[in-house]
């Protein structure tokens, strides 16, 4: 579709209804079998991960750092954690994630308060220095 076609379309929301138990997206994983399989993630699954949890609270005052690949389930925490709680989400470039100095500077500059981080990457961050942790209130490992 071109710009003119798009401009002629209705600006009204589509009349869609999604329930808690409806599929929001399908994530493909090889799991323990090594064979690809689709896992249906419901709206309820997403909400359970980032809303009214017993392990962390995210609010509109938080700034989350997305370090997860979009095909990894940690990305659910990153994106929906921010969207469903009104938090800010910082999506760094891949080069920044791979450069510990740049990544720690980004964490300080953006006053990151929460992140889901692979354990190995967290260890590299700690090896770099620890002053970047001043604003961080919560870290989830996976």
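Just to be sure I understand, how many residues within the range 76-95 are free of Cβ contacts under 8 Å to residues at least 24 places away in the same chain and crowded, with 17+ Cβ neighbours inside 10 Å?
The qualifying residues number 1.
Considering each residue of the range 8-50, count those that are assigned to a loop (DSSP other than H, G, I, E, B) and out of contact with any strand residue (DSSP E or B) (no Cβ under 9 Å at 6 or more places or on another chain), and give that number.
Number of matching residues: 14.
Only residues that are farther than 20 Å from residue 142 by Cβ and exposed (fewer than 10 other Cβ atoms within 10 Å of the Cβ): list them for the range 39-58, please. First the steps, then the outcome.
First, pick out the residues of the range 39-58 that are farther than 20 Å from residue 142 by Cβ: 40, 42-44, 52.
Passing the criteria: only 52.
Considering each residue of the range 23-38, count those that are farther than 14 Å from residue 76 by Cα and surrounded by fewer than 12 Cβ atoms within 10 Å (Cβ to Cβ), and give that number.
9
Quick one: which of 122, 72 is touching a residue at least 12 places away in the same chain (Cβ under 8 Å) and either within 15 Å of the chain's Cα centre (by Cα) or more than 30 Å from residue 18 (Cβ to Cβ) (or both)?
Every option except 122 fails the conditions.
Against the condition on the phi > 0 side of the Ramachandran plot, exposed (fewer than 10 other Cβ atoms within 10 Å of the Cβ) and free of Cβ contacts under 8 Å to residues at least 60 places away in the same chain, how does residue 19 come out, does it pass?
no
Just so you know, all these numbers are worked out from the coordinates, no wet-lab data involved. In this text the structure is predicted, and so the values were computed from the model without any measurement. Please note: Cβ atoms are built from the backbone with ideal geometry, for glycine as well, and neighbour counts cover all protein chains shown.
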